[in-house]
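S.K.: Attaching a single structure in structure tokens format; questions to follow.
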């Protein structure tokens, strides 16, 4: 097997399940944002991409790898490169899913591609998922990137970039900061709660010694899906929102727990572009392009 390849014998397959968009899990995500909006209740439209919390997939404890992710070689390919990143994706919304209804989920791995990045070999895995309910459907693609472990000591973080801020309770993560602009604040408790709400056991989000000493980050890493959902939440906060017909999202750089960040929404020809800007206006770290009706 090539260093960045996939072991022979693995083939993509489609997993089909029927699952309920659990109102309790939706309420959990609303409680994490705590932004004053009414929590979506049973029968209400599910906000875009909130199925990440409403339909979490919990792996058995014995099926978790050292990084906290499910062992590869089942649904996801047995990629040998150890560091996994959520790079973005896209979604198309035909009608709406509703909180409390049962949906049919069909998921498969669409492609596995070897690439050469600036830091070494990469493997890009694209998954495709369709959720179908009584009143509509969502077709989503996610891009996952696997890369080599941090090599030299210079690549390994020695301390959190904002330790004092990271240890201070941030309160509600999204706060108004001007027209079309919101502060985005993170702390370890927020990251832990979001990990639990989305069944994300990746240790870079809650295990400081692992994140810094093993994966080489300078601190706890804010979830890519959390940044994406926070950007989408600003669309609801700016309301009354136009319906989201489609979106694309991409994560260009990590944000670390406690670092200052802002969410900035800008109208566009197709709807809106929302960007997460990091410390000192760096970025964008994460961008969401919305197509609105």
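The values are calculated or read from the model by the stated rules, or taken from the named source; none is laboratory data. Given the structure is predicted, the values throughout are model-derived calculations rather than measurements. Heads up, the Cβs are rebuilt from the backbone with ideal geometry, glycines too, and the neighbour counts pull from every protein chain shown.
Per-residue answers, yes or no, for (1) at positive phi; (2) touching a strand residue (DSSP E or B) at 6+ places or on another chain (Cβ under 8 Å); (3) buried (at least 19 other Cβ atoms within 10 Å of the Cβ):
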{"site": "182", "(1), (2), (3)": "no, yes, yes"}
{"site": "185", "(1), (2), (3)": "no, yes, yes"}
{"site": "193", "(1), (2), (3)": "no, no, no"}
{"site": "197", "(1), (2), (3)": "no, no, yes"}
{"site": "202", "(1), (2), (3)": "no, yes, yes"}
{"site": "215", "(1), (2), (3)": "no, yes, yes"}
{"site": "220", "(1), (2), (3)": "no, yes, yes"}
{"site": "223", "(1), (2), (3)": "no, yes, yes"}
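S.K.: In addition: So which residues in segment 115-133 are part of a strand (DSSP E or B), more than 19 Å from the chain's Cα centre (by Cα) and at pLDDT 90 or above?
M.R.: 115, 121, 122, 132
S.K.: Does any residue in segment 98-115 that is on the phi > 0 side of the Ramachandran plot and in contact (Cβ under 8 Å) with a residue 12 or more places away in the chain come within less than 9 Å, Cβ to Cβ, of a residue that is crowded, with 18+ Cβ neighbours inside 10 Å and part of a strand (DSSP E or B) six or more places away or on a different chain, and which pairs are these?
M.R.: The qualifying pairs do not exist here.
S.K.: Looking at segment 280-291, which of the residues that are touching a residue at least 40 places away in the same chain (Cβ under 8 Å) and under 17 Å from residue 185 (Cβ atoms) is nearest to the chain's Cα centre (by Cα)?
M.R.: Among residues in segment 280-291 that are touching a residue at least 40 places away in the same chain (Cβ under 8 Å) and under 17 Å from residue 185 (Cβ atoms), the one nearest to the chain's Cα centre (by Cα) is 286.
S.K.: I need the full set of residues from segment 44-64 which are touching a helix residue (DSSP H, G or I) at 6+ places or on another chain (Cβ under 9 Å) and either without any contact (Cβ under 8 Å) to a residue 60 or more places away in the chain or not in a loop (DSSP other than H, G, I, E, B) (or both), in order please.
M.R.: Once the filter is applied, which keeps residues that are touching a helix residue (DSSP H, G or I) at 6+ places or on another chain (Cβ under 9 Å) and either without any contact (Cβ under 8 Å) to a residue 60 or more places away in the chain or not in a loop (DSSP other than H, G, I, E, B) (or both), segment 44-64 yields 44, 46, 52, 53, 54.
S.K.: Can you pull out every residue in segment 252-283 that is part of a loop (DSSP other than H, G, I, E, B) and under 23 Å from residue 216 (Cβ atoms)?
M.R.: Result: 252, 253, 254, 255, 257, 258, 259, 260, 278, 282, 283.
S.K.: Give the residue that is surrounded by the most Cβ atoms within 10 Å (Cβ to Cβ), with candidates limited to residues of segment 82-98 that are out of contact with any helix residue (DSSP H, G or I) (no Cβ under 9 Å at 6 or more places or on another chain) and assigned to a loop (DSSP other than H, G, I, E, B).
M.R.: For segment 82-98, the residue satisfying everything is 96.
S.K.: Among the residues that make up segment 66-81, is at least one of them part of a strand (DSSP E or B) and over 30 Å from residue 183 (Cβ atoms)?
M.R.: yes
S.K.: Report yes if some residue within segment 12-20 is part of a loop (DSSP other than H, G, I, E, B) and at pLDDT 95 or above; otherwise report no.
M.R.: There is no residue in segment 12-20 that is part of a loop (DSSP other than H, G, I, E, B) and at pLDDT 95 or above.
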